[in-house]
1. Only one of VAL252, VAL240, VAL259 is over 23 Å from LEU193 (Cβ atoms), of a type in the set (Val, Ile, Thr) and touching a Gly at 6+ places or on another chain (Cβ under 8 Å); which?
2. Return the residues of the stretch 309-356 that are aliphatic (A, V, I, L, M), assigned to a helix (DSSP H, G or I) and within 27 Å of GLY105 (Cβ to Cβ); say none if nothing qualifies.
3. Residue check: is ALA187 over 29 Å from ARG429 (Cβ atoms) and either of a type in the set (Gly, Ala, Ser) or touching an Asp or Glu at 6+ places or on another chain (Cβ under 6 Å) (or both)?
4. So, in the stretch 75-94, how many residues would count as being in contact (Cβ under 8 Å) with a residue 60 or more places away in the chain and part of a helix (DSSP H, G or I)?
5. Assuming THR379 fulfils every condition listed in (1) surrounded by fewer than 24 Cβ atoms within 10 Å (Cβ to Cβ); (2) touching a strand residue (DSSP E or B) at 6+ places or on another chain (Cβ under 9 Å); (3) in the same structural domain as LEU324 (by TED's automatic domain parsing); (4) not aromatic (Phe, Trp, Tyr) apart from one, which condition is it?
6. Does any residue of the stretch 87-105 turn out to be closer than 19 Å to SER359 by Cα and buried (at least 16 other Cβ atoms within 10 Å of the Cβ)?
7. Condition (residue is modelled with pLDDT of 95 or more and polar (S, T, N, Q)) applied to the stretch 296-309: is it met by at least one residue?
8. Can you tell me which residues in the stretch 112-135 are out of contact with any strand residue (DSSP E or B) (no Cβ under 6 Å at 6 or more places or on another chain) and closer than 16 Å to ALA167 by Cβ?
Amino acid sequence: MSGRSSSPRSTECGFRTGWGEPVRVAANLLLRHAREVITCSGKLPTRAAKGDFDPAPLGLIEDGAVAIADDRIVAVGRTAEVERSVSLSSGATVIDVGDAMLTPGLVDAHTHSLFVGSRAGEFSLRVQGAGYAEIAAKGGGIAASVKALRGATDEALRAALARRLDAMARFGTTTVEVKSGYALETAQELRSLKLARSMGDRVVPTFLGLHAVPPELRGTEDGRARYLATVAGRMLDAVVAGGDARFIDAYVDGPGFSVAECAPALERAKALGLRARLHVGQFEDVGGAQLAASLGAASADHLEHVSDEGLRAMAAAGVTAVLLPGAAFSLGQPMPDARRMRALGVAVALATDCNPGTSHCDALPWMAAFGVRQMGLSTVEAWFAITATAAGCLDLGDRGRLAVGARADVAVLDLPGWEALPYVLGSPRALATVTGGALRRWE
């Protein structure tokens, strides 16, 4: 991949108006001569009992180019066509992509990436046979991350999150959902959301007050009930007033909270304009999929344990399944059955679940490889699961696709073609990313 600065070309070229005059759009960044461009300009079928490997929905372009003006895409197509349609500004950057691919910037729709500290010791216990509940009972799990976050300075947390976002970008990820939930106290939850928001619009902050009962309230008389009331009341009020959260989440599962416990906060949040995305069925099916459907949630995530009834409810309500194979792999669980979900009409996204305990991973393409190799997705579906479908469940309709007018989020991936996404063991590296029009090289 090579690049240079360029002055505007003097040759007249581009689209012509009815008067015969050439009309070209201004651009200050041109990525050209890519071996292949994936635009995700098409649509997947709503229901698919069998994975379709026809690449038509990917909108492939050979010898392709993307032109950008500020934070928007202004042209996409074959290099010769794009060059005829744009007028490069003085000092514009031109990148010859060569053997790499251009794809939409990848979208990671479920992470807990605002954390400090290591829980490697827990992993060692787990591979020796300790279970999730046993580790939590010894003060590990979420409680350990709560203690570490509460004791960290803003500067330490911000630096840790920035490093993690850069690590994700090296795999092509340009948009990351980031949850709170390692604070579990009103002021600390607000701090977490504000720190996530401070990273700019590449981060989508989600309020996860209902992640666990705070350590100081566990084992106390009515501590659980008091915390549930706090989240549904003054904590939620403060989060909405602060304006930093885009969504609300809750851990609806056997080790987490029941549907009855979560419903008051989630229903009130909906009335206040905060849409839900829920942890559902990682360990037990307690009805979380149906709750997500009743709320019109953006997504239900995990879903290692979910009934056909729950999936049908999600499909009818347009709730996306965000599947997290990194967590299932780390915990030694069976992978979520993505093929069953697609057959029942549920849209599927994939995410890293980046967190310090059960999925310490920042490589989103690796999740796509799991999706194809072990979860029943086709490679075409896997591309959508980390781009357009993931963006859609974050209510970001201008991301996850390469199209005129879309936000300028682009990944330059070191892959020989679209079929190589699950084929390369490990994860492909991004040679460069463009995030909101800002170019970063990772070579």
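1. Details: VAL252 fails: over 23 Å from LEU193 (Cβ atoms); VAL240 fails: over 23 Å from LEU193 (Cβ atoms).
None of the other options fit; the residue is VAL259.
2. Residues of the stretch 309-356 that are aliphatic (A, V, I, L, M), as a first pass: 311, 313-317, 319, 321-324, 327-328, 331, 335, 338, 341, 343-344, 346-351.
This time we only want the ones that are assigned to a helix (DSSP H, G or I), so: 311, 313-317, 327-328, 331, 338, 341, 343.
Those that are aliphatic (A, V, I, L, M), assigned to a helix (DSSP H, G or I) and within 27 Å of GLY105 (Cβ to Cβ): MET314, ALA327, ALA328, ALA338, MET341.
3. On the way: over 29 Å from ARG429 (Cβ atoms): yes; either of a type in the set (Gly, Ala, Ser) or touching an Asp or Glu at 6+ places or on another chain (Cβ under 6 Å) (or both): yes.
The answer is yes for ALA187.
4. Step one: of the stretch 75-94, the residues in contact (Cβ under 8 Å) with a residue 60 or more places away in the chain are 75-76, 83-94.
Of the ones still in play, those that are also part of a helix (DSSP H, G or I) are 83-85.
Adding up the residues that qualify gives 3.
5. (2) is the only condition that THR379 fails.
6. Looking only at the stretch 87-105, we keep the residues that are closer than 19 Å to SER359 by Cα, and these are none.
Looking for residues that are closer than 19 Å to SER359 by Cα and buried (at least 16 other Cβ atoms within 10 Å of the Cβ), one finds none in the stretch 87-105, hence no.
7. Keep residues of the stretch 296-309 that are modelled with pLDDT of 95 or more, which gives 296-309.
After this cut, where a residue has to be polar (S, T, N, Q) as well, the list is 299, 307.
The answer is yes; a qualifying residue exists.
8. Going residue by residue through the stretch 112-135, those that are out of contact with any strand residue (DSSP E or B) (no Cβ under 6 Å at 6 or more places or on another chain) are 115-135.
Selection gives PHE115, VAL116, SER118.
The values are calculated or read from the model by the stated rules, or taken from the named source; none is laboratory data. Please read these numbers as outputs of a predicted model, since none were measured by experiment. For neighbour counting, all protein chains shown are included, and Cβ atoms are generated from backbone atoms with ideal geometry for every residue, glycine included.
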